[in-house]
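Okay, so here's the structure we're looking at.
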Amino acid sequence: MAAALESALQAAGAGPCPGAEAVGAVRAALAAAGDPAALGERERARLGAFLRNLAAGPEEPAGPWRSLFLESPPDLAFCALTDSLAAPRPGWRLPAVPEVLEQFLRQGRLAALICELCQQHSRPGSVERHDALLGRIVCLPDLVGNGLQGRSPAAFFPQRYFPVLGGAVLQVLHNVSASLRGGLDCSVSFISHILGKVCVHGRQKEILSVLVPHLTDLTKSDCIWQRICWRLVECVPDRWMEAVVLGFVQRAPGADVLSRLLGNLVVKNKKAQFVVTQKMLLLQYGYTTAVLQNLLGYLALDGLRRALLIKVLQELLETWSSSSAVKHSPLEQQQYISKAILICLSHLKEPEIESCRQELLTSMMEGVKCHLDSSLPQIRRLGMIVAESISSKINTDGPVLTFQYEEDDEARELKSLLVQAAPLGVLPGLPDNENENADAALPPVLESNRKSTTATTHVMPDEESDAELDSDDDLIPYDMSEDKELKKTKAPVYIRDCIEVLTGSEDLDKWEEAVKALESLVRKNPVAAREVSVELAKILLHLEEKTCLEGFAELRQKAQVAVLTTDPIPVAQYLTSQFYSLNYSLRQRMDILDVLVLAARELSCPKGHGKTKHSGAQNPCIQFLPESGSSKDWRRIVDERIKSKTRRFAKGQSQVEQPSGPNEFNSLAGHFFFPLIQNFDRPLSTFDLLGEDHFVLGRLVHTLAVLMYLAVNTMAVTAMGKALLEFVWALRFHTDSYVRQGLLSCVSSILLSVPAERLLQDVTEELLETRSWLEDVVEKDPDGDCRRLALQNLLLMENLKKKLETAPS
Amino acid sequence: MAQPPPDPHFVLRGTGAAVHALHFSCGGGEPDIPVLFSGSENGFIHVWNLKTHRVDAALDGHGRKSVCGLKTMDGKERLLSQGRDQRICLWDLAEGRTSVTDSVFTENVGFCRCSLLKVAEGRWLMATAAKALEEVQVLELPSKTSVCTLKPEVGAKLGMPMCLKLWQGSCGSQPSLLAGYEDGSVLLWNLSTGKVLSQLICHQEPVMSLDFDSEKAKGISGSSEKVLSIWSLNEQQNLQVQKTHRLVNAGISDITIRPDKKILATAGWDHRIRIFGWKKLKPLAVLDYHTATVHSVSFSDHKSPSDRLLAAGAKDHRISIWLIYTQT
């Protein structure tokens, strides 16, 4: 039989263009030869050469040559076709070869090819051949694309090809399973290679979306399939292991499925272990919570792997409790690590906790300390939540840590991670896991949901109309604005009375009235207030809440602002000197900063001129919430200012005309600003701005930024800008991101407030230095807000430059 | 701009002491003169002629001890008055007589006003706080036979009863009693079994006053705190809080729903009378006339809606009479 084939091939000759009769003869001989796998080496070589000639010939051969490629041994046909693609010459081949390849794929020859390659794994010299074919199989879309100069047919788009390849792989795995059941030995290492190479080429999604759902089903109760699966991942070469493991972890619908698919891979393979326990948890942080749950759930599901789980927890906690990590890593990563810790804790069992209680306690204490030290509220809260969770896990009967923080969605989500220890396998599938069954089942459910919601929304108006019938609308209310709180004592009428009550009186009712009345008294009688202004400022600064008066802090602050605006120079001198003196609490120092900012804003606001009161309330675009005092308000104010300003630069003069009046802040800006900037680097025994009191430093920096901004159009602005730039330069590498954010706001304020000509003449060098620092921040800063602010600053600088260019002096 | 609140229609002066109780009797026909009874801290009951705005008679029956409750039984001839001398007196005022015909010695030292309910022609039920601290006694009048004594469970720690309201659903159903206690809870008692049907803790402080609308099965209570509590009684005879309304100033000494169930009035410790719509508790008016705590508010029982008056008696010895929301 082989002889017949040989003679047919010989008859066809080695010419470049075999005729139709020759093709027909070879086909007939092949059919007669039966199993193509039984061909001898010589025949194979000849047939291969014949096919290559056929595909590479200068003109299209006549006759049913295409079928020959589908009937001859798949590796020979595949090699011949891809060879002709790789060496492209214009001619008939351009459309025809891909068509044949497409037929080749469609008729399942790819599976046959892989199958054959799997079986020949032990033949001598097969390694090189395997590598060559592996490359061609995996890179087929690229080969076709390159050969056709980008005009490849849809079947060879990666989105189409890799699912087909996945199907072929599955087919081969079915064969493997069948032959294992038949008692034959089988190798899956070639499939592992394909899988690995596809994954490392970034096509995990396409191939695994076919493989994972099917393997999930097949491994459910079949231990042979489970072993095939384990073997499949174990045989992946180390250099591709990471991509494969990542793909499986991201796409498995639950931890138990992952455990079935991967087996004890992490225990056997060092590389996989590194990826799972280190890389995905500690080095990367972009995965969703579901992926984390998959991963840690997988570690928790087997006794051998649980040791790893505990090790992972210890490493996570080490990172969590390291003050350097808290300071320098971005918020998103810290959230990710916190989530991982909580999930780990949810998987731990009582005896395991018992064994590492001491370590948990130590890391918790350290971690909570450095988290609470942070000046970013989100990080503080993250620390509180994790510490609470650890403490509740290790002290099952004793007292546990509890903190007060805002309960929002994020906090609830984090806490929910801790309780759901059991629901392995009921995790919903990942959104990009294209399980057709699930998809098909989904729409009706959604629809019914939608129906029910619309039904409820329909019910609502009914109820309301019913309620309207039953309302008191026919009764028109009278004016009730006079319905105020009944006062037991009369409010003091003179400022001196207030001072007396606030300093000496034991009558708490009087004291409350005095606190409430003070602001309006000061505003009404500026002359009288000026006589006692510094004394009043002193009293207010030291005033402590005696009764639980509602809004006390706000009342006090308003009074302080009133005093400061009535008699700015002496009071500002007093307050700024007190900011750097001994024996004040941090709260008082921050109060000083708040009052300075609010007063400066009132003074600089044109509406604040004359007798108009409460200018703050009239300014529509900026809301001051001094009481909450959180960093967000500060940042938001500055941001909003910058934003509004930036827009105006772009659009030109388009702002609404504002009421004008002399800027009262003009002569005062220096009194507010310079005393604050002078002493920051002189630590006192109770107050160290550059050391642990970095939160106050952050507030100081933000305050300076706002003062700088408000000093626009004043005389002192250039000197202020220069001093502030130096100040920024000195602190630019501060570790606290809140401080850095303030510094960046300072730069924005300088750019916006100081006239462009002065900037270029007086502070050119500083500006250039700042610019290079900003570029550095944009690229390297771990904090997203810092990067954003720095970018805004760079834009401002660009605008400035453009402005100068368009208006030459 | 909403209208400013109205001034009093007129003011009755001359009681000579703080006014603690008010009761209208204006339901008679044309020849009948509408009257207002007022009880003062000095023990006098004044009968005010609402045509002349003068005192027709001053009754002295409580030994100069404060009068805290006034009720009439079928017209203005038979008056029931409760005083701090621990007595409840029944007066015969027909044809100019001013004599006490009967009296009940309650032995109760508290401030709790009694509640009266007509259950049949010539038969009344009266609930009063009893001698024992936490108990309420229900008597039948005029026979003065005891119907039941309502004792809270041992260890309930309700404190003294502070206010009572006897009521009866649609005709024929059993009368029940709502009682507000010192601990801030309101209890619904079944008079025939003497058992608590429902308990609702609606205030943190003693319940100073409550009123109940048996048609809507909805009631309101006020206490010494800043909150009015509106609760309802469902079909399972359970009391549930419906909503609460926050007041500007603390302390409510009396609450009355107008007989037509449209509005209600509260007497405040902050010297003010507040008017609310009853359906939604929409605030309607704040009447600021008195200069001291208002002790009592009462709506008149005039036949014609446009004549319906609101009276408020206060610690400043005055009784203010208002015409408000009479057109609805």
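The values are calculated or read from the model by the stated rules, or taken from the named source; none is laboratory data. Predicted model only: the values in this text are computed from it and were never measured. As a convention, Cβ positions derive from the backbone with ideal geometry for all residues, glycine included, and neighbour counts pool all protein chains shown.
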Taking the stated definitions as given, is A:ALA112 buried (at least 17 other Cβ atoms within 10 Å of the Cβ), at pLDDT 85 or above, closer than 23 Å to A:LEU68 by Cα and not charged (D, E, K, R)? no
Considering every residue within region A:294-309, establish whether at least one is closer than 16 Å to A:LYS415 by Cβ and assigned to a helix (DSSP H, G or I). no
Based on what the data block shows, is B:ILE263 over 17 Å from A:ILE476 (Cβ atoms) and either within 19 Å of the chain's Cα centre (by Cα) or within 11 Å of chain A (Cβ to nearest Cβ) (or both)? no
Mind checking which residues of region A:681-702 are free of Cβ contacts under 8 Å to residues at least 60 places away in the same chain and part of a loop (DSSP other than H, G, I, E, B)? A:ASP681, A:PRO683, A:ASP688, A:LEU689, A:LEU690, A:GLY691
Does A:PRO526 count as of a type outside the set (A, V, I, L, M) and away from chain B (no Cβ under 14 Å)? yes
Quick one: is A:VAL188 in contact with a Leu (Cβ under 6 Å, 6 or more places away or on another chain), in contact (Cβ under 8 Å) with a residue 60 or more places away in the chain and over 25 Å from A:PRO98 (Cα atoms)? yes
Tally up the residues in region A:184-198 that are crowded, with 21+ Cβ neighbours inside 10 Å, small (Gly, Ala, Ser) and assigned to a loop (DSSP other than H, G, I, E, B), please. 0
Can you tell which of A:GLU519, A:GLU554 is surrounded by 15 or more Cβ atoms within 10 Å (Cβ to Cβ), in a helix (DSSP H, G or I) and of a type in the set (Asp, Glu)? A:GLU519
Is region B:280-288 home to any residue that is outside any loop (DSSP other than H, G, I, E, B), closer than 26 Å to B:GLY16 by Cα, modelled with pLDDT of 90 or more and more than 11 Å from chain A (Cβ to nearest Cβ)? no
If B:GLN240 passes every condition in (1) at pLDDT 90 or above; (2) within 14 Å of chain A (Cβ to nearest Cβ) but one, which one does it miss? (2)
Only residues that are among the polar types (S, T, N, Q) and part of a loop (DSSP other than H, G, I, E, B): list them for region B:227-254, please. B:ASN234, B:GLN236, B:GLN237, B:ASN238, B:ASN249
Filtered residues of region A:661-680 (kept if in a loop (DSSP other than H, G, I, E, B) and over 37 Å from the mean Cα position of the chain (by Cα)): A:GLY661, A:PRO662, A:ASN663, A:GLU664, A:PHE665, A:ASN666, A:SER667, A:LEU668, A:ASN679
Region A:475-514: number of residues that are farther than 19 Å from A:ASN525 by Cα and either within 14 Å of another protein chain (Cβ to nearest Cβ) or aliphatic (A, V, I, L, M) (or both): 15
Members of region B:319-328 found to be of a type outside the set (Gly, Ala, Ser) and away from every other protein chain (no Cβ under 14 Å), listed by number: B:ILE319, B:ILE321
The helices (runs of 4 or more DSSP H) lying entirely within region A:214-270 that contain at least 1 residues which are under 23 Å from A:TYR285 (Cβ atoms) are A:238-251, A:255-262, A:265-268
Please list, ordered by residue number, the strands (runs of 3 or more DSSP E) wholly in region B:92-169 having 2 or more residues that are more than 24 Å from B:ILE257 (Cβ to Cβ). B:99-105, B:136-141, B:145-150
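Here's the yes/no breakdown for (1) in contact with a Phe, Trp or Tyr (Cβ under 6 Å, 6 or more places away or on another chain); (2) over 18 Å from A:ASN666 (Cβ atoms); (3) surrounded by 22 or more Cβ atoms within 10 Å (Cβ to Cβ); (4) of a type in the set (Lys, Arg):
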| site | (1), (2), (3), (4) |
| --- | --- |
| A:ARG699 | no, yes, yes, yes |
| A:ALA705 | no, yes, yes, no |
| A:TYR709 | no, no, yes, no |
| A:VAL712 | no, no, no, no |
| A:ALA716 | no, no, no, no |
| A:PHE727 | no, yes, no, no |
| A:HIS734 | no, yes, no, no |
| A:GLY742 | no, yes, yes, no |
B:ASP316 fails exactly one of (1) among the charged types (D, E, K, R); (2) in contact with a helix residue (DSSP H, G or I) (Cβ under 9 Å, 6 or more places away or on another chain); (3) more than 12 Å from chain A (Cβ to nearest Cβ), namely (2)
Looking at (1) surrounded by fewer than 24 Cβ atoms within 10 Å (Cβ to Cβ); (2) more than 14 Å from chain A (Cβ to nearest Cβ); (3) under 17 Å from the mean Cα position of the chain (by Cα), find the lone condition where B:TRP269 falls short. (2)
Which of the residues spanning region B:289-311 are over 19 Å from the mean Cα position of the chain (by Cα) and away from chain A (no Cβ under 13 Å)? B:LYS303, B:SER304, B:PRO305, B:SER306, B:ASP307
The listed residue being surrounded by fewer than 16 Cβ atoms within 10 Å (Cβ to Cβ), under 23 Å from A:ASP736 (Cα atoms) and touching a Phe, Trp or Tyr at 6+ places or on another chain (Cβ under 8 Å), out of A:GLU769, A:GLU775, A:GLU779: A:GLU769
Those residues of region B:1-17 which are assigned to a loop (DSSP other than H, G, I, E, B) and surrounded by fewer than 20 Cβ atoms within 10 Å (Cβ to Cβ), in sequence order: B:MET1, B:ALA2, B:GLN3, B:PRO4, B:PRO6, B:ASP7, B:HIS9, B:ARG13, B:GLY14, B:GLY16, B:ALA17
So for region A:497-519 (the condition being in contact (Cβ under 8 Å) with a residue 60 or more places away in the chain and closer than 20 Å to A:TYR574 by Cα), does at least one residue qualify? no
Selection within region B:70-128 - modelled with pLDDT under 90, within 19 Å of the chain's Cα centre (by Cα) and hydroxyl-bearing (Ser, Thr, Tyr): B:THR106
Residue count, region A:756-809 (criterion: among the basic types (Lys, Arg), touching a residue at least 24 places away in the same chain (Cβ under 8 Å) and farther than 22 Å from A:ALA723 by Cα): 1
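Matching residues to (1) surrounded by fewer than 21 Cβ atoms within 10 Å (Cβ to Cβ); (2) within 22 Å of A:GLN119 (Cα to Cα):
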position	(1), (2)
A:SER179	yes, yes
A:VAL200	yes, no
A:VAL212	no, no
A:GLU234	yes, yes
A:SER259	no, no
Identify all residues within region A:128-176 that are in a helix (DSSP H, G or I) and small (Gly, Ala, Ser); write none if there are none. A:ALA132, A:GLY135, A:GLY145, A:GLY147, A:ALA154, A:ALA155, A:GLY166, A:GLY167, A:ALA168
May I ask you to say which residue of A:LEU603, A:LEU575, A:LEU564 is under 17 Å from A:SER533 (Cα atoms), at pLDDT below 90 and assigned to a helix (DSSP H, G or I)? A:LEU603
